[in-house]
Amino acid sequence: MAEQKNILSEIKDGILYLTINRESKLNALSYKILEELNNIFNEVNDNKSIRGVIITGAGDKAFVAGADINEISELNEVNARKFAEFGQEVFQNIESCHKPVIAVINGYALGGGCELAIACHMRVATENAKMGQPEVNLGIIPGYGGTQRLTHLIGRTKATEMLMTADMIDAPEAMRLGMLNYMEPTKELALARAEAILSKIMKKAPLSIGMIIDCVNAVYDSAGNGYQIEANSFARCVKSEDYREGTKAFLEKREPNFKGE
Ligand code: COA
């Protein structure tokens with residue numbers, strides 16, 4: 001994994017740990033950090049030593065407190081569109097990554113931070129986490145997919161309220177709204193919970209996991225036919241060695257040994 005300046009990365013036991021490392025600015029997402037995230041996710045699918053990804057923020061106060069407001073304050077109409085399109089592309093790369101990606105939300109996840117968290121496949125938050133889309137306070141709107149993903153995730157009623165009021169919600173409320181998979185008292189326990197989810201997934205056939213991601217994402221792609229994508233993905237699984245191994249292992253009453261082939 002190529003080293004990046006603002007994101008710490010470490011691969012341990014098949015998990016790529018990414019830490020947005022800009023604690024003095026509450027891990028605000030500069031354009032440079034977005035580029036670094038993009039570089040990383042361009043590598044993840046092809047890197048066989050990575051079976052899952054955890055993204056978190058440095059320190060205990062923030063996951064990511066939004067896009068960098070210093071940079072946002074100097075946009076014009078032309079580069080604003082590019083800024084949003086690039087952010088959307090990066091988060092799309094995360095969402096369509098064939099390895100499971102879990103956000104460990106250790107504090108504020110606001111604006112681009114909330115958008116990053118909801119582009120991940122799952123979310124585990126600490127009890128002090130706060131999520132929100134405060135862009136209307138700045139005279140803008142979410143630009144990294146937040147209006148779309150938040151509405152898909154929690155429904156039009158509550159998403160519209162959050163997007164229009166800029167209210168931050170706490171972790172128990174995010175849990176009630178279905179934004180979180182789990183809530184834990186501390187960052188250590190939230191990381192442990194994410195690791196436990198990934199270690200279960202890592203015992204399954206890797207190709208199947210990638211296909212599940214494609215099929216779930218297809219639900220939200222109005223141009224695609226999710227049922228057809230499911231049938232095609234099902235057929236692709238059947239071409240794999242892991243399919244033969246999984247079915248054989250069941251019939252032989254033993255654990256399967258999946259190789260991702
Ligand atoms: N972009 C750039 N810098 C940010 C930032 C952002 N999104 N969020 C926080 N920071 C910086 C602050 O400017 C401050 O820097 P400084 O110490 O050099 O002055 C530092 O991070 C600490 O933030 P501070 O506001 O002092 O912490 P706080 O505990 O009082 O408040 C928040 C925390 C999250 C409520 C507050 O920082 C905030 O509202 N941030 C912006 C959230 C936002 O609107 N995000 C969407 C952007 S599109």
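The values are calculated or read from the model by the stated rules, or taken from the named source; none is laboratory data. Predicted model, so just to flag it, every value in this text is computed and none were measured. Cβ sites come from the backbone with ideal geometry, for glycine too, and all protein chains shown count toward neighbours.
Limited to the stretch 72-88, what total is found for residues that are surrounded by 14 or more Cβ atoms within 10 Å (Cβ to Cβ) and touching a Leu at 6+ places or on another chain (Cβ under 9 Å)?
Qualifying residue count for the region: 4.
Examine the stretch 28-42 for a residue that is in contact with a Ser or Thr (Cβ under 8 Å, 6 or more places away or on another chain), of a type outside the set (A, V, I, L, M, F, W, C) and surrounded by 15 or more Cβ atoms within 10 Å (Cβ to Cβ), and state whether such a residue exists. Give the steps one after another, and end with the answer.
Taking the stretch 28-42 as the starting set, the residues that turn out to be in contact with a Ser or Thr (Cβ under 8 Å, 6 or more places away or on another chain) are 40.
Narrowing the set further to residues that are of a type outside the set (A, V, I, L, M, F, W, C) leaves none.
No; the residues of the stretch 28-42 include none that is in contact with a Ser or Thr (Cβ under 8 Å, 6 or more places away or on another chain), of a type outside the set (A, V, I, L, M, F, W, C) and surrounded by 15 or more Cβ atoms within 10 Å (Cβ to Cβ).
Being within 21 Å of Gln88 (Cβ to Cβ) and under 13 Å from the mean Cα position of the chain (by Cα) is true for just one of Ala119, Ala159. Which residue is that? Full working, then the answer.
Values: Ala159 fails: under 13 Å from the mean Cα position of the chain (by Cα).
So the residue among Ala119, Ala159 that is within 21 Å of Gln88 (Cβ to Cβ) and under 13 Å from the mean Cα position of the chain (by Cα) is Ala119.
Please go through the stretch 25-79 and give me each residue that is within 15 Å of the ligand (Cβ to nearest atom), polar (S, T, N, Q) and not in a helix (DSSP H, G or I), ordered by number. Show your work before the answer.
Of the stretch 25-79, the ones within 15 Å of the ligand (Cβ to nearest atom) are 25-34, 57-75.
Narrowing further to those that are polar (S, T, N, Q): 27, 30, 70, 73.
Hits for the stretch 25-79 are Asn27, Ser30, Ser73.
Would the stretch 157-178 turn up any residue that is among the basic types (Lys, Arg) and under 30 Å from Lys259 (Cβ atoms)? Please lay out each step first, then the result.
The initial filter retains those residues of the stretch 157-178 that are among the basic types (Lys, Arg), namely 158, 176.
Going one step further and asking which of them are under 30 Å from Lys259 (Cβ atoms), we end up with none.
Looking through the stretch 157-178, none of the residues is among the basic types (Lys, Arg) and under 30 Å from Lys259 (Cβ atoms).
Matching residues to (1) within 19 Å of His121 (Cβ to Cβ); (2) of a type outside the set (A, V, I, L, M, F, W, C); (3) out of contact with any helix residue (DSSP H, G or I) (no Cβ under 6 Å at 6 or more places or on another chain):
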position: Asn38; (1), (2), (3): yes, yes, no
position: Ile54; (1), (2), (3): yes, no, no
position: Arg81; (1), (2), (3): no, yes, yes
position: Glu95; (1), (2), (3): yes, yes, no
position: Asn106; (1), (2), (3): yes, yes, no
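Can Glu10 be described as modelled with pLDDT under 95 and more than 12 Å from the ligand (Cβ to nearest atom)?
Values: modelled with pLDDT under 95: no; more than 12 Å from the ligand (Cβ to nearest atom): yes.
Taking the combined requirement at face value, the residue does not satisfy it.
Quick test for you: out of Glu77, Glu127, pick the one residue that is more than 14 Å from the chain's Cα centre (by Cα) and within 28 Å of Asp170 (Cβ to Cβ). Before you say what the answer is, go through the steps one by one.
Numbers: Glu77 fails: within 28 Å of Asp170 (Cβ to Cβ).
The conditions single out Glu127.
Return the residues of the stretch 165-194 that are within 16 Å of the ligand (Cβ to nearest atom) and either farther than 16 Å from Ala117 by Cβ or crowded, with 18+ Cβ neighbours inside 10 Å (or both); say none if nothing qualifies. Even if it seems obvious, please write down each step before you answer.
Applying the first criterion (within 16 Å of the ligand (Cβ to nearest atom)) to the stretch 165-194 yields 165-171, 174.
Hits for the stretch 165-194 are Thr165, Ala166, Asp167, Met168, Ile169, Ala171, Ala174.
What are the residues in the stretch 13-24 that are surrounded by 15 or more Cβ atoms within 10 Å (Cβ to Cβ) and within 16 Å of the ligand (Cβ to nearest atom), if any?
Ile20, Asn21, Arg22
Within the stretch 107-164, which residues are more than 16 Å from the ligand (Cβ to nearest atom) and outside any helix (DSSP H, G or I)? Even if it seems obvious, please write down each step before you answer.
Going through the stretch 107-164, the residues more than 16 Å from the ligand (Cβ to nearest atom) turn out to be 120-124, 127, 148, 151-161.
Cys120, His121, Met122, Arg123, Val124, Glu127, Gly155, listed by residue number.
Looking only at residues that are aromatic (Phe, Trp, Tyr) and either loosely packed, with under 12 Cβ neighbours inside 10 Å or in a loop (DSSP other than H, G, I, E, B) (or both) in the stretch 240-261, which one is farthest from the chain's Cα centre (by Cα)? Don't jump to the end; show me each part of the working.
Within the stretch 240-261, the subset aromatic (Phe, Trp, Tyr) is 243, 250, 258.
Remaining after also requiring either loosely packed, with under 12 Cβ neighbours inside 10 Å or in a loop (DSSP other than H, G, I, E, B) (or both): 250, 258.
On the way: Phe250: 32, Phe258: 25 Å.
Selected residue: Phe250.
Among the residues that make up the stretch 82-95, is at least one of them in contact with an Asp or Glu (Cβ under 9 Å, 6 or more places away or on another chain), away from the ligand (no atom under 16 Å from the Cβ) and within 25 Å of Thr147 (Cα to Cα)?
No, there is no match, as no residue in the stretch 82-95 is in contact with an Asp or Glu (Cβ under 9 Å, 6 or more places away or on another chain), away from the ligand (no atom under 16 Å from the Cβ) and within 25 Å of Thr147 (Cα to Cα).
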